[in-house]
Amino acid sequence: MFAFVNKYDTKPRLRLHEMLKSQGLQMNQQIVFLSDGGDTVRDMQAYLSPQSEHLLDWFHITMRLTLMGQLIKGMLTELKTTAPNSQQPTALAQMERHLESVKWNLWHGNVPHALQRISDIEDDLDMLEENPANKKKLQKSVNELFGYIGANRNFIPNYGDRYRHDETISTAFVESTVNYVVSKRFVKKQQMRWTQRGAHLLLQTRAQVLNGDLRKSFCRWFPKMKLQEAESARTMA
């Protein structure tokens, strides 16, 4: 595990390179990088390993699709309550089917069809006569998804095929690791304000504790500590 505050660390590329090197990375080794599609992250990956493969993380796609699905369900619930005789729920049901089609096509790497289905959702929204509370939010999400998928179309593989061959398609485990590393020290309930330097230093300590390296670092900084450990071991023996 490793962590740093990007705006504080002056050499993030070097930090990531050293971490990969410590894990046995060879200069000619092929690597598959999964990211959220941001240019900054992908540029860093390309710098570290120009010949590597770059994929859009399935986790970040499903986050957007899940949000859209929740907005549609919210609109459907509202219309059933406020206008039970309206025909709009039929249009929303069609929208849900199109959203499922978007997910299915992206899962199989069929980007052109996925983009078409996203456009269909936009058309469905334009046909709504009523204006449910979530309509504007959904329109914004649809536009953002269309741009997001379009900008990353060259990095969308056949996720289904990769999944069947036990190849990684998602960084969801990384997201959970992030929560594990920062622990409760950074959550809102603590009501603590961190400087960039303070957060960065805490992350270094936390990562070393989780990796079991903190004592090694102290022994390197304070050689006498290592000698005292050796003497204690001899005494116990």
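The values are calculated or read from the model by the stated rules, or taken from the named source; none is laboratory data. Being a predicted model, the structure only gives us computed values, none of them experimental. Positions of Cβ are generated from backbone atoms using ideal geometry, with glycine treated the same way; all protein chains shown enter the neighbour counts.
I need every pair where a residue in region 28-41 that is of a type in the set (D, E, K, R) has its Cβ under 6 Å from the Cβ of a residue that is part of a strand (DSSP E or B), sequence separation at least 6 or different chains.
none
Return yes or no: is Gly212 of a type outside the set (D, E, K, R), assigned by TED's automatic domain parsing to the domain that holds Asp36, modelled with pLDDT of 65 or more and surrounded by 12 or more Cβ atoms within 10 Å (Cβ to Cβ)?
The answer is no for Gly212.
Please list, ordered by residue number, the helices (runs of 4 or more DSSP H) wholly in region 25-121 having 1 or more residues that are crowded, with 18+ Cβ neighbours inside 10 Å, among the polar types (S, T, N, Q) and at pLDDT 95 or above.
Where helices (runs of 4 or more DSSP H) fall fully within region 25-121 and carry at least 1 residues being crowded, with 18+ Cβ neighbours inside 10 Å, among the polar types (S, T, N, Q) and at pLDDT 95 or above, they are 88-107.
Name the residue that is nearest to Phe2 (Cα to Cα), counting only residues in region 42-54 that are touching a residue at least 12 places away in the same chain (Cβ under 8 Å) and not aliphatic (A, V, I, L, M).
Gln45
In region 55-73, how many are free of Cβ contacts under 8 Å to residues at least 24 places away in the same chain and farther than 12 Å from Tyr148 by Cβ?
3
When Lys136 is evaluated against the numbered criteria (1) among the charged types (D, E, K, R); (2) loosely packed, with under 14 Cβ neighbours inside 10 Å; (3) in contact (Cβ under 8 Å) with a residue 40 or more places away in the chain, which criterion, by number, is the only one it fails?
Among (1) among the charged types (D, E, K, R); (2) loosely packed, with under 14 Cβ neighbours inside 10 Å; (3) in contact (Cβ under 8 Å) with a residue 40 or more places away in the chain, Lys136 violates only (3).
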